[in-house]
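The values are calculated or read from the model by the stated rules, or taken from the named source; none is laboratory data. Everything numeric here is computed off the predicted structure, so don't read it as measured data. All Cβ positions, glycine included, derive from the backbone under ideal geometry; neighbour counts span all protein chains shown. The area values use the complete protein model at the heavy-atom level, side chains included, leaving out ligands, DNA and RNA. Shrake-Rupley method; radii C 1.70, N 1.55, O 1.52, S 1.80 Å.
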Amino acid sequence: MDVLNCKSCGKLFVRQSSDLCIDCIRKDHTDFEKVREFLRERRKIRTSPIDVEQAIGVKRETVLRYIKDGRLLMSEISQMEITCESCGNPSRDGTICAECRDKLRRDLAQAMLDSSNPSKPRTYRT
Ligand SMILES: [Zn+2]
Ligand SMILES: [Zn+2]
């Protein structure tokens, strides 16, 4: 039997198919439906995750997670104002803009170069 702490509330529970306890799974589902409903109502109105948080009380991190996980359809988030976590510029498909993602990738490649053993052949996958 696998017992672990819930990723969300920290409560101990018996692992089923998720890292969340049953209460949090339920809550997550309700929150998700609320976000969806809200976005449907506000179609064509620019909305940011902060607006969602203020209007229906679902945390912006949660909203961003739904977007990142691809649970909200592109058409549902087309009016969403998603800004880059790193530079604050608008970002379309997640929480980091293309520019910052490129930069991160370069930094990562550089870090790997710095730490890798020069005698080993290197393969990079992005
Ligand atoms: Zn929980
Ligand atoms: Zn950025």
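Identify the single condition in (1) touching a strand residue (DSSP E or B) at 6+ places or on another chain (Cβ under 7 Å); (2) in contact (Cβ under 8 Å) with a residue 12 or more places away in the chain; (3) closer than 27 Å to residue 20 by Cβ that residue 79 does not satisfy, given that it satisfies every other one.
Here residue 79 meets the rest and fails (3).
Test of understanding: among 25, 96, which residue is within 30 Å of residue 1 (Cβ to Cβ) and touching a Ser or Thr at 6+ places or on another chain (Cβ under 9 Å)?
25
Considering only residues that are surrounded by 13 or more Cβ atoms within 10 Å (Cβ to Cβ) and in a loop (DSSP other than H, G, I, E, B), look in segment 88-126 and name the one that is modelled with the highest pLDDT.
Out of the qualifying residues, it is 97.
Please go through segment 75-96 and give me each residue that is over 24 Å from residue 43 (Cβ atoms) and hydroxyl-bearing (Ser, Thr, Tyr), ordered by number.
86
Considering only segment 11-86, give the helices (runs of 4 or more DSSP H) lying wholly within it that have at least 2 residues that are basic (Lys, Arg), open to solvent by 80 Å² or more (accessible area, probe 1.4 Å) and away from ligand 2 (no atom under 16 Å from the Cβ).
Result: 22-41, 60-68.
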